[in-house]
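Worksheet: the structure to be examined is printed underneath.
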Amino acid sequence: MNTLFIMPLAIQGWEWIIIGLVVLLLFGGKKIPELMRGLGKGMKSFKQGMKDVEEDVQEIRKELDAAEPAPKKTKKVVEAEEVKAEE
């Protein structure tokens, strides 16, 4: 069932050539480098944004770990410590 959705999206080599020719006809030879440059800048900006978000998340995690109090002892742990202290 999944192959029904994938097959129409599988573009072969000669189809890429036709798509490239259509793009060339629509935009012309001078516009294509400008479009690719803009696409490259957009991808670079997106990657930088993702990197910034990851750094922010790591910084917040470090702050939370530093501010997090020690976990409370359960009743069993307290009883075990008392038994060890009595011995």
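Of I11, F27, M50, which is farthest along the charge dipole of the chain in the positive direction, counting Lys and Arg as +1 and Asp and Glu as -1 at C-beta?
Result: F27, furthest along the dipole toward the positive end.
Using Cα positions and a limit of under 24 Å, work out the lysines in reach of K73, with same-chain residues fewer than 8 apart set aside.
Those lysines meeting the cut-off are K62, K84.
Determine the calculated [θ] at 222 nm for the chain from helices alone, applying -39500 (n - 2.57) to every DSSP H run no shorter than 4 residues and normalising by the residue count; nearest 500 deg cm²/dmol.
So the calculated ellipticity at 222 nm is -26500 deg cm²/dmol.
Along region 21-27, what does the Karplus equation 6.51 cos²θ - 1.76 cosθ + 1.60 (θ = phi - 60°) give for ³J(HN,Hα), rounded to whole Hz, x for Gly and Pro?
Using θ = phi - 60°, the values come out as 5, 5, 4, 4, 5, 6, 9 Hz.
Would you tally the net charge around K76, using a Cβ to Cβ cut-off of less than 15 Å, leaving K76 out, and scoring K and R as +1, D and E as -1?
+1
Multiply the residue separation of V57 and T74 by 0.36 nm, subtract the distance between their alpha-carbon atoms, and state the gained length in nm to one decimal.
Full-extension gain reported as 3.0 nm.
Leaving out same-chain residues fewer than 8 places away, which lysines sit with a Cα under 16 Å from that of K41?
Output for K41: K31, K51.
I32 versus W14, label points 7 Å from Cα toward the beta carbon: distance in nm?
With each label placed 7 Å out from Cα toward Cβ, I get 2.0 nm.
Please give the helix 31-67 orientation as an angle from the longest Cα principal axis of the chain, in degrees from 0 to 90, rounded to the nearest 10.
0
Rounded to a whole number, what is D in µm²/s for region 7-62 from Stokes-Einstein with the Kirkwood radius over alpha-carbon pairs (10 °C, 1.306 mPa s)?
Value of D from the Cα-based Kirkwood radius: 110 µm²/s.
Values in this text are rule-based calculations from the coordinates and carry no lab data. All values reported here derive from a predicted model rather than from experimental measurement. FYI the Cβ positions are ideal-geometry reconstructions off the backbone, even for glycines, and counts take in every protein chain you see.
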